[in-house]
Structures are given as C-alpha cells and as structure tokens.
1. Which net charge results for the neighbourhood of residue 227, defined as the other residues with beta-carbon distances under 13 angstrom from its beta-carbon, given Lys and Arg at +1 and Asp and Glu at -1?
2. Find how much the distance from residue 30 to residue 302 grows on full extension, using 0.36 nm per residue of separation minus their present alpha carbon separation; answer in nm with one decimal.
3. How far is it, in nm, from the label point at residue 67 to the one at residue 183 when both lie 7 Å from their Cα along the line to the Cβ?
4. Separation between the residue 23 and residue 76 pseudo-spin-labels, each 7 Å from Cα along Cα→Cβ, expressed in nm?
5. Find out how many positive minus negative residues lie around residue 304, taking Lys and Arg as positive, Asp and Glu as negative, among other residues whose Cβ is under 12 Å from that of residue 304.
6. If you take all C-alpha pairs in region 164-312, what percent of them are over 17 Å apart?
7. Residue separation times 0.36 nm, minus the C-alpha to C-alpha distance between residue 245 and residue 204: what's the value?
8. Over the C-alpha atoms of region 212-280, what are the Rg and the largest Cα-to-Cα span, Dmax, in Å?
Amino acid sequence: MLHIILTILKILGCILLGVLALILALILIVLFVPFKYEMSGKYYGAPEGTVKFTWLFGALKVIGEFKDKNIRARVSFFTRSLLDIPKEAEVSAETPEDDFSELEELFEEMQSGQETIVLDEQKSSEPVKTKDKPVVSKEEPVRKEPDTLKKEKIKTSREKIEEKPESSSETWMDKIDHTLQKLKQKLESLSKNKEKISRFINAECTQNSIRFAKKALWSVFMYIRPKKISGYLHFGLGRPSDTGKVLGYASIFYALYGESVVLNPDFEQEIIEGDLYIKGSIPLYIFVYWGLRSLLNKDIRNLVKYIRHMKG
C-alpha cells in the first residue's frame with residue numbers, strides 16, 4: 001500500500017515539475033525572443049506605408065498597410081489568420097441573391113399599398129350629402145379685467161423696475177470683492193507652490209532619480225534603436241536659404257543614419273518626395289531588467305514617499 005502511494009506521489013511530482021519547466025520555458029521565450037519590426041514608407045505624389053511586427057521566428061505576424069487611401073490590417077499566428085479587416089468588410093458589403101428576391105417582394109407590396117391608398121382617397125374626395133343644419137357660432141365671452149387689477153399690476157411692475165438697479169449694484173460690488181479675494185488666494189498659493197517645487201527639484205532623491213531615469217532610457221533606446229536604416233529624400237522649400245537650413249539641421253544627425261540615407265536638396269523648386277526603410281528588434285528582458293532595478297532603487301522609493309508627503 002505504501003509503495004503504491006509513493007509511486008503516485010512520484011508521478012504527481014514529475015507532472016508538477018514538467019508543468020513548472022514548461023512555464024519557465026515560456027517565460028524565457030517571451031523575454032529573450034525579441035519582437036522584430038519593419039517600417040517602410042514612400043511619398044511620390046501619394047503617401048504609402050507598411051508596418052510589420054513578427055515574433056518567434058515569424059510565428060506571430062502583425063501587418064498594417066496604407067495604400068491608395070485605404071488601410072489594411074492582418075494578424076496571423078502560424079498559419080491561422082486571426083484578423084483581416086478588408087476581407088471582413090467586403091464580405092459584409094456583398095448581398096446574396098436571396099436578398100434581391102426579398103426586396104422585389106417588398107417593392108410589389110409597397111406598390112399594391114399605394115394603389116389602395118389612392119382608391120381610398122378617391123372615395124373620400126366624393127361629396128357627402130348631409131342635411132342642412134343651422135350653424136351655431138360658439139364664441140366664448142371675453143373676460144375683461146377691472147381697472148383696479150390693472151392699476152395694481154402697473155404699480156408692482158414699477159416697484160420691481162426701481163428695485164433692480166440697487167440690487168444689481170450690490171451684487172456687482174460683491175462680485176468684485178469675491179474676485180479680488182480669489183486673486184489674493186491664488187497669488188499666495190503660487191508663492192507657496194514655488195517654494196515647494198524648488199525644494200522638490202533640489203532634493204537629493206529627485207536628482208538621483210533623474211540620473212537613474214536618464215541612464216535607463218538611454219539603455220533602452222540603444223537596445224530598441226533601428227539596426228538598419230535606408231532611404232532617399234528629395235526636398236526643396238522654394239527658398240535656397242530655408243533649404244540650406246534644413247540641410248544643416250539634418251547633418252547634425254548624420255551619425256545616426258550615415259550614408260544609408262541619401263539627401264538630395266533642391267534649391268530651385270518646392271518639392272518633397274522620397275522613401276524610407278527601418279528595421280530593428282525589441283527585446284522584452286531589457287524592460288523587465290530596468291523595471292526591477294527601479295523597484296529596488298532607494299532614491300525612487302524615497303521620491304515616492306516625498307510626493308505622498310507633499311500631497312498630504
């Protein structure tokens with residue numbers, strides 16, 4: 001009996017270890033298999049562009065296209081299509097042959113209904129013979145108000161007109177005092193807020209957190225930046241001076257694109273056309289790494305406490 005229990009526990013332990021190993025393998029795959037992205041666009045009279053994301057060596061594909069003022073999106077996992085927007089729209093737009101027969105029946109019913117309505121109108125238009133009856137004029141008597149009521153109404157209206165400017169002047173002064181008090185309160189709160197903001201910025205935990213954030217953002221950018229950039233740009237702004245300025249600003253970023261992007265300035269005419277291709281990858285483990293480091297950082301925790309204290 002004990003041997004049977006031990007074998008059952010052994011089997012359950014092996015199953016549990018297998019499940020845990022499978023979960024660990026899936027987590028490692030998600031973290032260390034990067035998402036690859038490709039972006040391409042061109043403009044030669046009309047804009048066109050495509051965006052493509054792939055994961056797990058092409059098992060998951062997300063593709064978006066913009067061409068001829070139409071957008072198309074496709075999502076597929078292995079060989080199974082999960083989403084295809086234009087196909088669904090086309091299928092919904094089509095009408096089967098059975099619908100046409102139903103429409104014809106409805107049209108025939110409407111025509112028959114119109115004929116019956118016309119016949120009813122003709123019958124109703126025929127004169128109906130009725131016996132002559134004396135016409136009785138039903139006119140309600142007009143009630144006339146006495147002169148005393150009219151005089152009282154005129155007096156009350158005059159009193160209201162005389163009281164209005166006094167009440168309006170009092171409310172106007174009250175409004176001015178109220179707005180002045182609000183302005184004083186706002187100025188006092190701004191002076192206090194300036195001191196609080198200066199203390200918050202100059203605090204040691206804030207400065208250390210800013211340095212940590214800069215380091216983290218630069219590291220993430222270096223991992224997700226495009227690995228390949230290629231393109232061609234033919235541009236002209238109509239004025240040679242403006243075109244030269246843009247060319248000078250673009251030369252600042254020459255270290256990023258290098259010789260892979262060709263710039264062709266046009267100093268004679270106003271024109272913009274070209275194409276661009278970008279390719280890179282996004283690993284998820286870099287986000288997890290910096291997220292854990294931010295949770296374990298003392299300066300960031302002190303900064304959160306300081307913000308809560310300021311709010312309180």
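Coordinate-derived values only; no laboratory data. Computed from a predicted model, the values in this text were never measured in an experiment. In this analysis, Cβ positions are derived from the backbone assuming ideal geometry, glycine residues included, and neighbour counts consider all displayed protein chains.
1. Combined, the nearby Lys, Arg, Asp and Glu give +3.
2. 94.7 nm
3. Reported label-point gap for residue 67 and residue 183 is 6.3 nm.
4. Going by the 7 Å Cα→Cβ label model, 3.4 nm.
5. Once positives and negatives cancel, what remains is +4.
6. Cα-Cα pairs of region 164-312 separated by over 17 Å account for 78 percent.
7. This chain segment gains 10.6 nm when fully extended.
8. Spelled out, the Cα radius of gyration and Dmax of region 212-280 are 15.2, 48 Å.
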